[in-house]
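Contents: one structure, followed by commentary.
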Amino acid sequence: MSDWHNYLNDTVKNIPPSGIRRFFSLAAEMEGVISLGVGEPDFVTPWHIREACVYSLEKGHTTYTANQGLLALRKAVGKHLSQTYQVDYNPQDQLLITVGVSEGLDLALRVIVQPGDEVLIPEPCYVSYVPGVILAGGVPVSISAKPEDHFEVTAAMIEQAVTPRTKALLLSYPNNPTGAVLSKQQLSAIAAVVKRHDLIVISDEIYDHLTYRGKHTCFASLPGMQERTILLNGFSKAYAMTGWRVGYAASNAEFIEAMNKIHQYTMLCAPVTAQMAAIEALKSGRQEMLKMIEQYDRRRRMVVRAFNEIGLPCFEPGGAFYVFPDIRPTGLSSVAFAEELIKETKVAVVPGNAFGSSGEGFVRCSYAASLASLTEAMKRIADFTARKIKRL
Amino acid sequence: MGNNNNDKTDQSILELLEQNCRLTSGEIAALLDLEEMIIQQRIVAMEQKGIICTYQAMVNWEKTATEKVNALIEVKITPQREVGFDAVAERIYRFPEVHSVLLMSGDYDLAVFLEGKNMKDVAQFVSSKLATMEHVLSTATHFVLKTYKKHGCIMEDGETDRRLVITP
């Protein structure tokens, strides 16, 4: 028997397996688990969107589309960005429909990063950023956001991490896993650093609609930033469309053309059915979206309050659908907390260090779960925490 | 401003209770990030004003052994001076077997929803009580074959959570 591992490309071999994967196996084997570990809405895609998709299938829309995506969808995205954030992109050459933000991120990194280029990544962050940079041949440089700042990265921290090799900055606010958001003022200070050091910004704003305090600031809308920003977004979170795999990238024509070059050879186009559904979502999905957001907002308040009452300090996240409570009072590491919690109470949460070392001491809890599940889960976490604290 | 906030709170409480009337004031307080006392006061006030009329369970009788027959009866009536349709409507809704009575625009005046033990029961009620009532011009009875959705609640078993247990 050959050892097939030896045949693997070194870059891939050296990427460690996702911290979530091992934990997933543990949770998947158990029955009756209440999961607060899911990074997607608990709502099913609103019916009018599903219905529009069924109609498109009946009408026989089953072909490839243009590599860049359906022009009608690009136009709708352009109109949406213009109306919501006053940023104008030409649907002809400044917008690209991708297979979710995941593909958009991969494309953005691959067209920007030269071998050895450094990409700044504020952590905790989504699990694919660091591997994405490595796969693109770059060097990920982590910036640890601090719990005392509610995990909001500062312009000063970013500036401190800049070296002559720094090429780009990866921003993702509202943030998965912490729920942190940055104000316009904070983002403007970051924009000044970006300009000073001539950086490219890849801004993953997939949770933009899920902002509960004030208004989301689109990074590209800041003066001078649109040109040097690759804005990534999609339909997964706001419209509960995770499985459809459809998103978009917006930037200057040069970047979009380069991204489209890779996209046409590797992906060809985003699924036409999902693109048709996305058009419907933009056209008339706002009402249903606002209803979902209101429900998240209510659960958010309930969960934050519950964690603080339990004795696990939890700052109030301004966005996304996660809370990131501090579990250090239990004396457990975040992995031990998550493992013992699921074994003893059948409640699944995700250890914070899966999102970068600065997440150690915290766990990610998604409140994209029914009210009944949340109430029961919080009861179990309260009992569990009391037991652990008593033992100290 | 204070009134506006109260209105908004009341509306949120109503939306939550309309979906699940078993939520406690403590739970509602947590969801809306308010004091439990405030929620209790608002609910009592709305009960007294008749804004919250009752707290009921939504039952799918089709899943039980109990036989029930439902019917929608279109009723045409002659409105009366001063009281309009109200007097006749009241005479109809006083019957306990009548579930709902609505004044409609269009071809007929009252939509009367009726529940009986069986078809004979319903027929009996229509022919002896309803059709013979003074000012009632005509009735048209439609039996309900199946209830799919009622008061926003889908009667079929709902969509299950198909998500993986842990996703990034």
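The values are calculated or read from the model by the stated rules, or taken from the named source; none is laboratory data. Just so it is clear, the structure is predicted and the values come from calculations on it, not from any experiment. All Cβ positions, glycine included, derive from the backbone under ideal geometry; neighbour counts span all protein chains shown.
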Margin query: Considering only residues that are on the phi > 0 side of the Ramachandran plot and touching a residue at least 40 places away in the same chain (Cβ under 8 Å), which ones fall in region A:163-217?
Written below: A:G179, A:G214
Next item on the list: Select, from A:L332, A:L312, the only residue that is touching a residue at least 60 places away in the same chain (Cβ under 8 Å) and over 24 Å from the mean Cα position of the chain (by Cα).
Entry: A:L312
Notebook entry, point to check: So which residues in region A:78-94 are closer than 15 Å to A:Q226 by Cβ, out of contact with any Gly (no Cβ under 6 Å at 6 or more places or on another chain) and in contact (Cβ under 8 Å) with a residue 12 or more places away in the chain, if there are any at all?
Noted result: A:G78, A:L81, A:T84, A:Y85, A:Q86, A:V87, A:N90, A:D93, A:Q94
Note to self: Tell me which helices (runs of 4 or more DSSP H) are completely within region A:284-392 and hold 3 or more residues being in contact with a His (Cβ under 8 Å, 6 or more places away or on another chain) and at pLDDT 95 or above, or say none if there are none.
What the structure shows: A:286-310
Item checked: Within region B:98-114, tally of residues that are within 14 Å of the chain's Cα centre (by Cα) and under 17 Å from B:A131 (Cβ atoms) -> 6
Margin query: Just to check your reading of the model, which residue among B:V144, B:V112 is surrounded by 15 or more Cβ atoms within 10 Å (Cβ to Cβ), away from chain A (no Cβ under 14 Å) and touching a strand residue (DSSP E or B) at 6+ places or on another chain (Cβ under 6 Å)?
Written below: B:V112
Next item on the list: Go through A:V101, A:V38, A:V12, A:V77 for me and flag whichever is within 21 Å of the chain's Cα centre (by Cα) and modelled with pLDDT under 95.
Entry: A:V38
Checklist line | Residue, farthest from the other protein chains (Cβ to nearest Cβ), within region A:290-334, restricted to residues that are among the hydrophobic types (A, V, I, L, M, F, W, C) and in contact with a Gly (Cβ under 8 Å, 6 or more places away or on another chain) | finding: A:I327
Check: Which residue pairs have Cβ atoms under 7 Å apart, sit 6 or more places apart or on different chains, and have a first residue in region B:148-166 that is more than 8 Å from chain A (Cβ to nearest Cβ) and assigned to a strand (DSSP E or B) and a second that is of a type in the set (A, V, I, L, M) and surrounded by 10 or more Cβ atoms within 10 Å (Cβ to Cβ)?
Finding: B:K149/B:M155; B:K150/B:M58; B:C153/B:M58
Margin query: Take A:G243 and tell me if it is of a type outside the set (A, V, I, L, M, F, W, C) and assigned to a loop (DSSP other than H, G, I, E, B).
Written below: no
Next item on the list: Mind counting the residues in region B:27-77 that are within 14 Å of chain A (Cβ to nearest Cβ), surrounded by 13 or more Cβ atoms within 10 Å (Cβ to Cβ) and either assigned to a loop (DSSP other than H, G, I, E, B) or within 18 Å of the chain's Cα centre (by Cα) (or both)?
Entry: 2
Check: Which of the residues belonging to region B:115-150 are closer than 30 Å to B:E15 by Cβ and touching a helix residue (DSSP H, G or I) at 6+ places or on another chain (Cβ under 9 Å)?
Finding: B:E115, B:K146, B:T147
